Amino acid sequence: MYRVDILLPTFNGEKYIEEQINSLLKQSYKNIKIYIRDDGSTDETITIIEKLAEREERIIVNKDIESNLGLVANVNFLLDLSDADYIMFCDQDDIWFEKKIELLLNEMLTQEKSLGSETPILIHSDCYVTDEYLNIKSLFKANKPLCYGLQNSFFNFYVQGASSLFNKSLKVEITPFIKNVYFHDRYTHLIAEIVGFRFYLNLPLMYYRQHSSNLVGSSSLIDKIRNFFLRENFNFFQKKDRLLIESIFHEKYPENEMLKYYLKMTSENITLYQKLKIKIRYRIKMRFKELFIMIIKFWD
């Protein structure tokens, strides 16, 4: 039976961490290890985790002397600990459905049977967005991630790390993390599209709990609108995302033409006509919002 490693970085998560870990331990697929590294919590997170680990040998708590690495460096640290064939990212405040691992792993094994285990593969699914009391508000991704390929991914963030499973071949490609990785799931998504394959199970397999302490997804609609229209943010691409893609191109895949033309398209050194020409020629998918802003910026 294949082992699946679950990587769980924690920080001040006392409110929900026990409920989340219990949902991992109740998975129908039992051959798992849960690697946890706390990033310097000042609440009772560590106490809760250590009590659970005393009762459950599948929980491995790292007690290195360093703290406050930040989320991305913490995940990179946990990746170094894993030697399993299959790996999953995990957030501290969600709830996994009982068959989540089983269903994602079955899909992985099906795809590996066709493509080979040496092929980097990412499998991911949808989830229910909930409030802090697990009242369902909506589906998170729905059918949007069914658009595959790098050209469809530059302006679309299809992969939620906590809803994904990937194989060791993809781990080899993403580690160690390069410069400008601002979210580990975005980085993993892009690498899978470049050198391997991504497959999406269009069904919810967990509750994605949103609350005021979320690192991602907790901003109010008003805050999002305000931030979007700030002049320094008003662009058809995210600057931090472009920096990541630039690092991927220069540090890992300098021969990739799609990366090269995305960077050219998002540079300030070409005309709007040239940008549109690249978009059309390489079938780069943009939402109306990005296309509109690209045109407006040209006339600004």
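As a summary of the residue check, Pro204 satisfies the conditions (1) assigned to a loop (DSSP other than H, G, I, E, B); (2) modelled with pLDDT of 95 or more except for the one numbered (1).
The residue that is surrounded by the fewest Cβ atoms within 10 Å (Cβ to Cβ), among those in the range 1-49 that are under 22 Å from Asp131 (Cβ atoms) and out of contact with any Asp or Glu (no Cβ under 9 Å at 6 or more places or on another chain), is Asn22.
Quick check on my filter: what residues within the range 90-123 are surrounded by 15 or more Cβ atoms within 10 Å (Cβ to Cβ), of a type outside the set (Lys, Arg), in contact with a helix residue (DSSP H, G or I) (Cβ under 9 Å, 6 or more places away or on another chain) and farther than 12 Å from Leu170 by Cβ? Within the range 90-123, Cys90, Asp91, Gln92, Asp93, Asp94, Ile95, Trp96, Phe97, Ile101, Leu104 meet the criteria. Out of the residues in the range 262-293 meeting the condition of being assigned to a helix (DSSP H, G or I), closer than 21 Å to Pro145 by Cβ and of a type in the set (A, V, I, L, M, F, W, C), tell me which one is least open to solvent (accessible area, probe 1.4 Å). Restricting to residues being assigned to a helix (DSSP H, G or I), closer than 21 Å to Pro145 by Cβ and of a type in the set (A, V, I, L, M, F, W, C), the top hit is Leu291.
Within the range 51-68, residues that are over 25 Å from Asn22 (Cβ atoms) have Cβ atoms under 8 Å from residues that are among the β-branched types (Val, Ile, Thr) and open to solvent by 40 Å² or more (accessible area, probe 1.4 Å) in no pair, counting only partners at least 6 apart in sequence or on another chain. Cβ contacts < 6 Å: first residue farther than 18 Å from Met88 by Cβ, restricted to the range 1-23; second residue open to solvent by less than 10 Å² (accessible area, probe 1.4 Å), any location; separation 6+ or different chain. Result? Note: pairs meeting the criteria are Glu14/Thr45.
The single condition among (1) within 16 Å of the chain's Cα centre (by Cα); (2) modelled with pLDDT under 95; (3) hydrophobic (A, V, I, L, M, F, W, C) that Phe199 does not satisfy is (2).
Of all the residues in the range 1-56, those that are within 24 Å of the chain's Cα centre (by Cα), within 19 Å of Phe166 (Cα to Cα) and either hydroxyl-bearing (Ser, Thr, Tyr) or at pLDDT below 95 (or both) number 4. Checked against the criterion of being in contact (Cβ under 8 Å) with a residue 24 or more places away in the chain and open to solvent by 50 Å² or more (accessible area, probe 1.4 Å), the range 125-133 contains one or more residues that satisfy it. Just one of (1) hydrophobic (A, V, I, L, M, F, W, C); (2) in a loop (DSSP other than H, G, I, E, B); (3) closer than 25 Å to Met258 by Cβ trips up Phe166, so point out which. Phe166 satisfies all of (1) hydrophobic (A, V, I, L, M, F, W, C); (2) in a loop (DSSP other than H, G, I, E, B); (3) closer than 25 Å to Met258 by Cβ except (2). Before we move on, is Val159 outside any helix (DSSP H, G or I), of a type in the set (Val, Ile, Thr), over 27 Å from Asn31 (Cα atoms) and at pLDDT 95 or above? No; evaluated as a whole, the condition is false for this residue. Look at (1) farther than 24 Å from His184 by Cα; (2) open to solvent by 30 Å² or more (accessible area, probe 1.4 Å); (3) in a helix (DSSP H, G or I) and you find that Leu52 fails only one, number (2).
The values are calculated or read from the model by the stated rules, or taken from the named source; none is laboratory data. From a predicted model like this one, the values you see are computed outputs, not experimental measurements. No Cβ is skipped: glycine too gets one built from the backbone with ideal geometry, and neighbour counts run over all protein chains shown. Note: accessible area is taken over every heavy atom of the protein model, side chains too, but ligands, DNA and RNA are not part of it. Shrake-Rupley method; radii C 1.70, N 1.55, O 1.52, S 1.80 Å.
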